[in-house]
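Down below is the structure, laid out as structure tokens.
What follows is calculated from the coordinates using simple rules that are stated; it is not laboratory data. A quick note: this is a predicted structure, and the numbers were derived from the prediction, not measured. Counting neighbours? That spans all protein chains shown, and the Cβs are built from the backbone with ideal geometry, glycine included.
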Amino acid sequence: MKKVIFLVTLLVGVLGGVLWFVSYQRSFGNIKIVLDENVGAVIYKQPGEDENENPPVLVSFTKEFVGKLKDGIYVVENEASADFSKESTSFEVKDDTQVDIKVSYSTNKLAGLLVQEQTNINEAFTKKYPELPGGYRLGQGKLFEKGNWYGALVIPNNNELDFLRFVMQKGSDKWELVTQPPDIILSSVIYPDIPRAVLQAVNSL
Amino acid sequence: MNKIFKILLLVAAGVIAFSGVSYIKHFGKTRLSIHVIPTDSLISINGQVTDSRKIYVAPGSYSVSAKKSDFSEDKINLKVENKNLDIYLLPRPLSDDAVKWLKDNPKIQLEREAYGAKRDVAIQSTLQSKYPLLNDLPQAFKYFSIDHGSSIRYPADPESIAIYIHGTLPPDRQAALKWISDQGFNPADYEIIFSDFTNPFLAGD
């Protein structure tokens, strides 16, 4: 009798241990983070509502990180420099995760590029819409990411008309209007190919 | 007595072992329960035929379809997360024989209608989790109202909806967008249709 109890206890113990081990192993996911520029970045755990707003850095790396992290939500933040802006991207680690990060140019660099590109941008817009609807004028816009996205307003001259927005994309040296027609709000449902951050920035102009 | 106790212990150990193996086997997977009428329809998941009506899959996007001769193919695209799902597939009768079969089997027809109702509830629930703003709609204010309706962008997809904003003047439309933002939702995550707005760039089209 004692032998049976011992065997059953042992079996339950071993099974419990195996279950714990499997659960623990599976609570880690393989993660690969790739930045599209040779810049430094850090990873930290995304703080919860009541947690320290400056959580400790878990990993520092340049360009690429490959490793394991416990399941959860993390933030990767790249360093700011004269050429690149500091940006944070949240990601969830669950099983195998790959995060590709496009580092954006700094505000100063984008402003400098815009001076060179503005004429081409305006020409491309005018080619699509040779005449603006009555009561509207073209507003000054902004470049985003690597200077390959542009967003601006079409501004009404009275408050009975709506502000309209549009986004243009530079592909192989040519600017193209990618939100047609300009609209009150640009939705990621309608334009799933435009980065959400770009749409959000243009909707906030 | 001793013998009965030993048997009980062995049964308990067996149950624990079975549960442990089952837990490890299905760890991190979600159960899909497929309900289909006619019951002998051919079920495919992402193009792979399966005989089982209860399957365990990893989180991700799946296309589940039911096929049977004389019936139209019924297909559901779904995003599987961590919650177990019931899927109702109801191929529609196409031939006279198929229609007659349903007429001759009123019990099956009743079951089919019950499945249809459950499917509608499931779609509604999916809509509410996909578009959390729906839980706060409809809303009517003095100068604007907000409701939901069919998507114009994806009219054939029953799981796509649009947010309809009624507001005669530009400030009313902006107030509606602000109300959505104030509830913690990003209007750009939705297909927004301004019922009282004619886009000046489309005027004359």
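Given axes a ≥ b ≥ c from the Cα gyration tensor, I'd like to know whether the protein assembly as shown is rounded (a/c under 1.5), prolate (a/b larger than b/c) or oblate. Oblate, because a/c is 1.5 or more while a/b does not exceed b/c.
Scoring B:181-194, B:91-104 by mean Cβ neighbours within 10 Å over their residues and listing the highest first yields B:181-194, B:91-104.
Positive-end ranking of A:F65, A:W175, A:S204 along the dipole of the range A:58-205, with charges on Cβ about the Cα centre, is headed by A:W175. For the peptide A:160-170, the mean number of other protein chain Cβ atoms found within 10 angstrom of a residue's Cβ is 2. Beyond a 24 Å Cα-Cα separation, which of these cross-linked pairs lie in this structure: A:K32/A:K102; A:K45/A:K86; A:K45/A:K142; A:K86/B:K79? Table pairs above 24 Å Cα-Cα are A:K45/A:K142; A:K86/B:K79.
Determine the gain in length on full extension of the stretch B:K103-B:L137; use 0.36 nm per residue of separation and subtract their C-alpha separation, reporting nm with one decimal.
Values: separation 34, 0.36 × 34 = 12.24 nm, distance 4.01 nm.
Taking B:K103 through B:L137 to full extension adds about 8.2 nm, to one decimal.
Tell me what the protein assembly as shown gives for mean residue ellipticity at 222 nm when only DSSP H runs of n ≥ 4 count, each as -39,500 (n - 2.57), the sum divided by the residue total, rounded to 500 deg cm²/dmol. Mind showing how you got there, number by number?
On the way: 7 runs with 126 residues, N = 410.
Rounded to the nearest 500, it is -10500 deg cm²/dmol.
Specify the angular offset, from 0 to 90 degrees and rounded to the nearest 10, of the alpha carbon long axis of helix B:170-182 from the longest principal axis of the alpha carbons in chain B. Here the helix axis deviates by roughly 30 degrees.
Could you work out how far helix A:107-128 tilts from the main Cα principal axis of chain A, as a 0 to 90 degree angle to the nearest 10? Approximately 60 degrees, to the nearest 10.
With the simple spin-label model, which puts each label point 7 Å out from Cα in the Cβ direction, the A:T126 to B:S52 separation comes to 6.5 nm.
For the range B:148-190, relative contact order (Cα pairs under 8 Å, six or more residues apart, normalised by length) works out to 27 percent. Across peptide B:194-202, the average count of Cβ atoms from other chains found within 10 Å of a residue's Cβ is 5. When peptides B:136-143, B:60-67 are ranked by their average number of other Cβ atoms within 10 Å per residue, the highest-first order is B:60-67, B:136-143.
Only four residue types carry charge here, +1 at the Cβ of Lys and Arg and -1 at the Cβ of Asp and Glu. Report the dipole size of the range B:1-159 about the Cα centre in Debye, rounded to the nearest 20. Intermediate values should be presented prior to the final figure.
Working: 22 positive and 17 negative charges, 150 e Å.
In debye, rounded to 20, the range B:1-159 gives about 720.
Rounded to the nearest 10 degrees, the angle from helix B:2-25 to the longest Cα principal axis of chain B is 40 degrees. Counts of other chain beta carbons within 10 angstrom of each beta carbon in peptide A:13-21 average 2. Sorting the segments A:128-139, B:36-47 by their residues' average number of neighbouring beta-carbon atoms within 10 angstrom, most packed first, yields B:36-47, A:128-139. The overall shape of the range A:41-89, judged from the alpha-carbon gyration tensor, is oblate: a/c is not under 1.5, and a/b is no greater than b/c. Rounded, prolate or oblate: which fits the range A:144-205 when a ≥ b ≥ c are the square roots of the eigenvalues of the alpha-carbon gyration tensor, with rounded for a/c under 1.5 and prolate only if a/b beats b/c? It is prolate, given that a/c is not under 1.5 and a/b is the larger ratio.
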